[in-house]
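Data first, discussion second: the structure below is written as structure tokens.
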Amino acid sequence: MSRLFTCLAIVMLLASPLGAQQPTERVELRRAAARDISVRISGTIGTLRIIGSPAESLVVTGTIPRGARFDGFDAGKGPEPLRGAKMFVDVPDDRVLASGTLEMRVPAGARVWAKAGIATIEVTGLTGGLDLNIVGGSIRVDASPRDLNIESMDGTVTVNGNPSWLRVKTAAGDIVMNGSSEDAAFTSVSGTTRVGGGRFDRARLESVTGAIEFSGTPVRGGSLTFDSHSGGITLRLDPGAGGEIEATSIAGTIENQLTRQRPGTGRDGRGQELSTVIGGGGAHIVVRTFKGVVRLETR
Amino acid sequence: MNEHLTWEDLNDVVDDVLAPDDAMRARAHLASCAHCSHRRAELEVTLAEVARAAREIPPPAEAWPAVRAEIESRKVVPLAGMPARRASMARFASGRRWTLVAAGIVLVAASSFVTAVVMDRTQPAAPATVAVDPGATITVPVAVVDAERSYLASVQELSAALEAARPHLSAQTIEIVERNLALIDAAITESRAALLRDPGNRVLLEVLAGTYRQKLELLRRAAQLATS
């Protein structure tokens, strides 16, 4: 383990013609890297672009707020390609806002871990592993990493891709997923969750007050579970999709346009329940909500 | 180096990721500081235990009779009232070490509620007569009462961890967390009241379990935000 760079930031005040932008310093780092390198980056980052590429190198370029410190360490030995790197952007005090933009090019098979406060994180081309954590801002992943784990408090999360294993958790941030997954879970307290486009072997979507919309295709033998307290749950399924659906709204209503079956009154005369089969069966689909409205529609 | 090592430095020492100069200084300090040396030893023990811990522990089938006997032995269980979320979360004396075990707390508590749900589904109902108000009682599965106790204990521990992390969190983060905790608490209160009216409602139980899980997860994530 050695220091990857020591204040490699080249002091370069980027003149701002309007004088409104925060002064920044330039960062540049280029090292040969193993194709499965593990990279960790954290700190006060305005925008972080993570790009998976065929090249076996780690390249970090961009700017950081003036006065901030960009530092890092590697897990390489001598001239061998890096197998691990740890970087962070540190600010001297809270008055330095998260600004600047870092672009990090890594081998496509890399495992990347990034954590920032209020930040915009964009990811493309990565096929390895990805673990992202922000408080606010946004995360957008246009890639299909093998494993994808995202945690956000207030920031919105958008995933366009087909990660095999996917976990997205937000407090208030909205979640949008377009793609497929063998094993996916989406959890939000008050954010809206919209999942669609692809095939799902196992998927769980949970919210407290946030609405849930699903328009994917359940895989035969797979399972889909939807839970909410008061958030509405809307399922839009392909006409040819097969599944056994068990839907319950304890104190709310169920609107079924998928089959002719009408929902019955729930326990103790409250709410509604519905058990119905589409396409001859296949996936096990469970919908549970305390008082949200359940809508079953054709896609 | 006269000041004690920070929690991050201790972790980096254990992970062996410090730069050579920093590592040399840290080792020199550890050699002369009993406090930091003790914390390092504790951390190493914790990490070793975590590494040894099984990822999954299925209950042995032969354990069920004993569990059933224990349940039968205490049919009357006082149901604790929902603790109101304090405007200022609970005090906590120690440092951010809690965040290391926060995920474990969530797993243990979550699995206990799931176990309660599954047991309730697969076994004959084991009712507990619960005191709701003076002079009024209601019957709910005893496994549910135990599971809720477990959850509440975990919530208290994680709330304490969050309080310890509070000085390291931005005002915006705290506002987001508190706003969403309020939503969760309102949902729990509502679901729980409904469960008392309809104790045998398994769907309701699973919805309530999911909401508890959301609370634990949110507390864990908030506490962990302060660690790096």
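When A:132, A:148, A:166, A:126 are checked against the criterion of being out of contact with any Asp or Glu (no Cβ under 6 Å at 6 or more places or on another chain), assigned to a loop (DSSP other than H, G, I, E, B), open to solvent by less than 10 Å² (accessible area, probe 1.4 Å) and modelled with pLDDT of 95 or more, a single residue qualifies: A:126.
Exactly one residue out of B:164, B:223, B:194 is touching a Leu at 6+ places or on another chain (Cβ under 8 Å), more than 10 Å from every other protein chain (Cβ to nearest Cβ) and modelled with pLDDT of 85 or more: that is B:223.
Taken over the range A:223-238, the criterion of being open to solvent by less than 10 Å² (accessible area, probe 1.4 Å) and small (Gly, Ala, Ser) is satisfied by A:228, A:231. The strands (runs of 3 or more DSSP E) found wholly in the range A:217-299 and carrying at least 3 residues that are in contact (Cβ under 8 Å) with a residue 12 or more places away in the chain and within 14 Å of chain B (Cβ to nearest Cβ) occupy A:243-249, A:272-278, A:283-289.
Within the range B:200-215, identify whether any single residue is at pLDDT below 85 and within 11 Å of chain A (Cβ to nearest Cβ), and answer yes or no. Checking the range B:200-215: at least one residue is at pLDDT below 85 and within 11 Å of chain A (Cβ to nearest Cβ). Whether any residue in the range B:169-181 is open to solvent by 30 Å² or more (accessible area, probe 1.4 Å), at pLDDT below 90, in a helix (DSSP H, G or I) and within 13 Å of chain A (Cβ to nearest Cβ) is what I want to check. Checking the range B:169-181: at least one residue is open to solvent by 30 Å² or more (accessible area, probe 1.4 Å), at pLDDT below 90, in a helix (DSSP H, G or I) and within 13 Å of chain A (Cβ to nearest Cβ).
Restricting to the range A:179-191, name every residue that is within 14 Å of chain B (Cβ to nearest Cβ) and crowded, with 19+ Cβ neighbours inside 10 Å. Result: A:186, A:187, A:188, A:189, A:190, A:191.
Taking the range B:181-196 as the range and being touching a Ser or Thr at 6+ places or on another chain (Cβ under 6 Å) and more than 17 Å from residue B:206 (Cβ to Cβ) as the test, only B:183 passes. When the criteria are applied in full, residue A:210 meets the requirement of being at pLDDT 95 or above, open to solvent by less than 40 Å² (accessible area, probe 1.4 Å) and either within 13 Å of chain B (Cβ to nearest Cβ) or under 19 Å from residue A:233 (Cβ atoms) (or both).
The values are calculated or read from the model by the stated rules, or taken from the named source; none is laboratory data. Not measured: the values here are computed from a predicted model. Methodologically, a virtual Cβ is constructed for each residue, glycine included, from the backbone with ideal geometry; neighbour enumeration extends over all protein chains shown. Just so you know, the surface numbers come from the protein's heavy atoms only, side chains and all, with ligands and any DNA or RNA stripped out. Shrake-Rupley method; radii C 1.70, N 1.55, O 1.52, S 1.80 Å.
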